[in-house]
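First the structure, in the form of structure tokens, and then the observations on it.
The values are calculated or read from the model by the stated rules, or taken from the named source; none is laboratory data. Keep in mind that what you see is a predicted model, and the values were worked out from it rather than measured. All Cβ positions, even for glycine, are placed from backbone atoms using ideal geometry, and neighbour counts span all protein chains on display.
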Amino acid sequence: MRTLIKGGTVLSTTGASRADVLVEGETIAAVAAPGLFGTADEVIDATGKYVMPGGIDAHTHMEMPFGGTFSHDTFETGTIAAAWGGTTTIIDFAVQPKGSTLQPTLDKWHEKAGGNCAVDYGFHMILSDVNDTTLKEMQTCIDAGVSSFKMFMAYPGVFYSTDGEILRAMQQATETGATIMMHAENGIAIDQLVAQALAEGKGDPVQHGLTRPPELEGEATSRAIRLAQVTGAPLYIVHLSASQALAAVAEARNTGQNVFAETCPQYLYLSIEDLAKPGFEGAKYVASPPLREKWHQGDLWRGLRTNDLSVVSTDHCPFCFKDQKELGRGDFSKIPNGMPGVEHRMDLLHQGVVAGEISLGRWVEACSTTPARMFGLYPRKGVIAPGSDADIVVYDPAAKQTLSAETHHMNVDYSAYEGFEITGKVETVLSRGRVIVSPSGFSGSAGHGKFLSRDLCQYLN
Ligand code: URP
Ligand code: ZN
Ligand code: ZN
Ligand code: ZN
């Protein structure tokens, strides 16, 4: 089966050029000047459109257990929504429960995802119980294609690790080449602020933001960076939201330390004003770290330009407003943490291109190429080049759309971006050579997506 995508503008990290792309089977066979290829079984006219590598969302939580409930997208619904939005790879988090080990955790996540995904998927491992056994099992995970491990400085009693445990895991990462991903918020201090707010009768969603001040993200980020420096481990800060944390990352990078960070669309576009919406509406925006004051956003865009923020992921973790966010009415600490977004990352970041905040090349880099290199998937994913998987998005930069829960495909009853007017729209999506989204709709299938056994990080300074 040969598919020809012709007449489009092919995007890469270095910019844009007019070219035709020939796909044979599951991979890209060739990229050449317009008109050089003959005919093919299927021809996709991309005139006036971008032809770009499929998005890689390196931070999602499908069916994630949290606070007695589960995030509402299954691997099936979540990956179909991803496909609609031009994301052809997700990396989801397997969650080690305290008292359990890593291999059974991995087995469980394979059971959940296997045969159910519409796009390719990999796993990170959440390390929530560090001990001699689990430290040894890090190598088992790496051998099984899971080469990155998330740790938490937040959520004491649940996912939290002490500095000593973090240090030990980082030592192991240095030895094995694994990547440590850090949720950097000072959870011990935050728990005190939460208890004080509740004791004063302050239970509204906005308190979620007020009890998790940006300074405590900055502090934890700095501490994680120091622990990484002492152990020689590379460090990847997840869902960075605060200017203070960005400053710590930038300072470390300026000294040449292997520190990287991702941010998420919600921190670029939403703010604590959304959390403060009346009538419990703010619960829709409860995620950790919390949405910040608006002035942080300018710094985050700058970080994206300078590569102090290397990746944009969604931290997609949807909980329904009606029956799940509701668990925390009157007590913000019981609102399940997380927001939906896997469908909208490519579109939202394209607004940054339209507004002149980032270049086309940075859009592709932050949403596809760098996550591929960071998480051991390059050059199979993240680039339009001969030999790479034919994960390709044909994107219409001039189309207009309005985001809404009425029209999105995520399995959640609200949109965090309700009414947002977007310039640009995904037109066609190929996953390993198969058209899964086109102007006539979704044509993929749950089960098409394959597990990606990932190599070690290929993106060190
Ligand atoms: O609030 C969030 N971000 N929920 C998902 C879990 C995490 O910490 O990434
Ligand atoms: Zn986190
Ligand atoms: Zn997350
Ligand atoms: Zn529900």
Considering the stretch 310-334, residues that are assigned to a loop (DSSP other than H, G, I, E, B) and within 16 Å of ligand 2 (Cβ to nearest atom), and then whichever is surrounded by the most Cβ atoms within 10 Å (Cβ to Cβ), we arrive at 319
Taking the stretch 20-39 and keeping residues within 18 Å of residue 431 (Cβ to Cβ) and of a type in the set (A, V, I, L, M) leaves 21, 22, 23, 28, 29
Taking the stretch 214-258 and keeping only residues that are closer than 16 Å to residue 189 by Cα and more than 16 Å from ligand 1 (Cβ to nearest atom), one is left with 215, 218, 219, 222, 223
Within the stretch 405-424, residues away from ligand 1 (no atom under 16 Å from the Cβ) and closer than 21 Å to residue 271 by Cα come out as 405, 413, 415, 417, 418, 419, 420, 421, 422
Residue 83 meets each of (1) more than 16 Å from ligand 1 (Cβ to nearest atom); (2) touching a helix residue (DSSP H, G or I) at 6+ places or on another chain (Cβ under 6 Å); (3) not assigned by TED's automatic domain parsing to the domain that holds residue 430 with one exception, condition (2)
Problem - residue 39 vs. criteria more than 23 Å from residue 148 (Cβ to Cβ), away from ligand 1 (no atom under 16 Å from the Cβ) and modelled with pLDDT under 95 - result: yes
task = State yes or no: is residue 202 more than 16 Å from ligand 1 (Cβ to nearest atom) and not in a helix (DSSP H, G or I)?
result = yes
The residue from 21, 43 that alone is more than 21 Å from residue 451 (Cα to Cα), in contact with a Ser or Thr (Cβ under 9 Å, 6 or more places away or on another chain), assigned by TED's automatic domain parsing to the domain that holds residue 426 and buried (at least 24 other Cβ atoms within 10 Å of the Cβ) is 21
Expected output for the stretch 406-420 (first residue free of Cβ contacts under 8 Å to residues at least 40 places away in the same chain and assigned by TED's automatic domain parsing to the domain that holds residue 323, partner within 16 Å of ligand 1 (Cβ to nearest atom) and among the small types (Gly, Ala, Ser), Cβ below 9 Å, 6+ apart or cross-chain) is none
**Asked** Being surrounded by fewer than 18 Cβ atoms within 10 Å (Cβ to Cβ), on the phi < 0 side of the Ramachandran plot and away from ligand 2 (no atom under 16 Å from the Cβ), is that true of even one residue in the stretch 141-153?
**Response** yes
Residue 375 meets each of (1) within 16 Å of ligand 4 (Cβ to nearest atom); (2) buried (at least 24 other Cβ atoms within 10 Å of the Cβ); (3) of a type in the set (Phe, Trp, Tyr) with one exception, condition (1)
Picking from 171, 192, 257, 244, the residue that is away from ligand 3 (no atom under 16 Å from the Cβ), free of Cβ contacts under 8 Å to residues at least 12 places away in the same chain and in the same structural domain as residue 301 (by TED's automatic domain parsing) would be 192
